[in-house]
Structure formats: C-alpha cells, structure tokens
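**Student:** The structure follows.
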Amino acid sequence: MHQRPIGTATRGTTNPNRLRRMDRWIAATHGPALRRSDRPVAVDLGYGAAPWTAVELLQRLRTAEPRTAVVGVEIDPDRVAAAKPYERDGLTFVHGGFEIPLDARPTLVRAANVLRQYDEAEVAAVWARLCARLAPDGLLVEGTCDEIGRRHVWVALGPEGPRTVTFATRLGSLERPSDLAERLPKALIHRNVPGEPVHAFLRDLDRAWATAAPYASLGARQRWIAAVRAVSADWPLTDDVRRWRQGEVTVRWPALRPATAAA
C-alpha cells in the first residue's frame, strides 16, 4: 500500500532559472559524488506548480555526470499531472512528500523554498527524515531564494546532518551582504539577532564589505572577494576564490548553528 505523502503543499510559485545559483553550486561541489554513484538519482522536492526547476536541474547536473536522473516529487497530485508531459529520458515526476517515494536512495535531494512555511521547531525532524533517505554519499540541499534567484541561502546536509551554509547573490544588485538575511532558510531566518552566530557573521561580512569599498572601482566581484577573504581569518569557510568569484561564500555549519534551541 502506498504511503500517504508526508508534508503540506507549498504555494507553488516558481520561475524559470530561479534556482541557477544553487544548481551550479551543487554541480560543482557534488559532481564527484554523482560520478561515483552506480545510479545517480537527484530529487527535486516540492518543485511547485510548474516543472521548470526539475527540467533545469537535469540539464545542470548532467554537465557534471551525464548518467544523472532527476525525479520531481510533489505533494499536490494536480501538479504531478501537469508535469507529466515534460517527462523525458532521465526525468520523471511522482506524487509524494518528505518520505521520498523512491526505491533507490537518492544521491541528491534539493528542497528549495519548501520549509519556509513550516515552524522552526519542525525543521530538525524534516532534515532528519530526508537525510535518512539519502544514499551513503548523498547530499540534501535545503534553502530559500527570492522570486528571480538573485539572493539565495542554503544549508547542505549529509546523512549525518548539516555541514555547511552557503550565501549566494548577484553581486551587481548587492547593497550590503546582510541583505541576504531575508533569504535565510527556516532554521536560521529567526536567528538574525544579536547573540546569534549568523547575525555575527553577517555583521562581520558587512564590515568587511564596507572596508573593501575601494575595490568597487574594479567591480563588485573584486570587492566581494576582498571582503570574503577578510572574514576568512575569523570564520571557517570551506570554499576559495573560485567560488567567491561566483558571488558565493560557504561557512561550516557549527560556526552558524543557532545558539539556542528552537522554541
């Protein structure tokens, strides 16, 4: 008997190319795991009212590993029915939720703009459920972005739990790094207050951005690189200038973990 899907339907709003920053990061950092897998399967969880994000995920992951297959999972059966005409080799759509109704354990689960409607206290259990479905070398990427994908923050988790937090932005539209705070995932969105690590990190990045203002004459990218390099002295970053050039910075999760438990 098929298990009843776990979770609730999202608003379903989506736009083409909205998740490009997350997808490119996944392809770059998780590509080796996809290539090592005997059966690389990626899940686009809660893809929404239109299938664009799943279609794009397949295209981007196949640049890293051409054998990758993508399964779009949606809790709203009408959305699954609407997506079926877009199925192709390596791309399917199924009805389901956080239980991930697949026979194989996925190498990747991407859950973008899914948990924003949940209470912060519910996040840990959802993370644990999704991580338990991952392949041994698998990755869960859960985060939030704006409507056109200019600002995006996500948490990357392995089967053992959260590993990193990545901040990604279109540098040409950035006034200050803390503007990304409005796109923090649910686990962190309410923690951008004094005394919390994520607030301290964004404060330090804002200060470094201001100090790097002279680099603005060379372009926003050079200013961002200078600012991120400055905070790397005090914060455990996992990436380098190759990713910084993309308007990204990735911090180890323990450094940004909430200081207090969710209420």
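Residue by residue, here is whether (1) small (Gly, Ala, Ser); (2) surrounded by fewer than 21 Cβ atoms within 10 Å (Cβ to Cβ); (3) out of contact with any Pro (no Cβ under 6 Å at 6 or more places or on another chain); (4) not in a loop (DSSP other than H, G, I, E, B) holds:
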| residue | (1), (2), (3), (4) |
| --- | --- |
| Ala124 | yes, yes, yes, yes |
| Val155 | no, no, no, yes |
| Ser178 | yes, yes, yes, yes |
| Phe201 | no, no, yes, yes |
| Ala210 | yes, yes, yes, yes |
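**Student:** Yes or no: segment 35-52 includes at least one residue that is open to solvent by less than 20 Å² (accessible area, probe 1.4 Å) and either part of a helix (DSSP H, G or I) or of a type in the set (Lys, Arg) (or both).
**Tutor:** no
**Student:** Right, Ala227: hydrophobic (A, V, I, L, M, F, W, C), free of Cβ contacts under 8 Å to residues at least 60 places away in the same chain, open to solvent by less than 30 Å² (accessible area, probe 1.4 Å) and part of a helix (DSSP H, G or I) or not? Reasoning before the result, please.
**Tutor:** Numbers: hydrophobic (A, V, I, L, M, F, W, C): yes; free of Cβ contacts under 8 Å to residues at least 60 places away in the same chain: yes; open to solvent by less than 30 Å² (accessible area, probe 1.4 Å): yes; part of a helix (DSSP H, G or I): yes.
Here the answer is yes, as Ala227 does meet what is asked.
**Student:** Hey, another quick one. I'm trying to understand the selection: among the residues of segment 149-173, which are closer than 24 Å to Ala216 by Cβ and touching a residue at least 60 places away in the same chain (Cβ under 8 Å)? Spell out how you get there, then give the answer.
**Tutor:** Taking segment 149-173 and keeping what is closer than 24 Å to Ala216 by Cβ, we get 149-153, 166-173.
Result: Gly149, His152, Thr166, Phe167, Ala168, Thr169, Arg170, Leu171.
**Student:** Right, here's the next one. Name the residues in segment 71-91 that are in a loop (DSSP other than H, G, I, E, B) and touching a His at 6+ places or on another chain (Cβ under 9 Å), would you? Walk me through how you get there before you give the answer.
**Tutor:** In the first step, residues of segment 71-91 are kept if they are in a loop (DSSP other than H, G, I, E, B); the result is 75-76, 87, 89-90.
Of everything in segment 71-91, those that are in a loop (DSSP other than H, G, I, E, B) and touching a His at 6+ places or on another chain (Cβ under 9 Å) turn out to be Ile75, Asp76.
**Student:** Kindly list the number of the only condition in (1) buried (at least 18 other Cβ atoms within 10 Å of the Cβ); (2) assigned to a strand (DSSP E or B) that fails for Val94.
**Tutor:** (1)
**Student:** Residues that are within 30 Å of Trp52 (Cβ to Cβ) and of a type in the set (Gly, Ala, Ser): does segment 142-152 have at least one? Please lay out each step first, then the result.
**Tutor:** As a first pass, look at segment 142-152 and keep what is within 30 Å of Trp52 (Cβ to Cβ): 142-152.
Add one more test, that the residue is of a type in the set (Gly, Ala, Ser), and what stays is 143, 149.
Yes; the residues of segment 142-152 include at least one that is within 30 Å of Trp52 (Cβ to Cβ) and of a type in the set (Gly, Ala, Ser).
The values are calculated or read from the model by the stated rules, or taken from the named source; none is laboratory data. None of these values were measured; they are calculated from a predicted model. Cβ atoms come from the backbone with ideal geometry, glycine included; neighbour counts cover every protein chain shown. We work out accessible area using only protein heavy atoms, side chains counted, and drop any ligands, DNA or RNA first. Shrake-Rupley method; radii C 1.70, N 1.55, O 1.52, S 1.80 Å.
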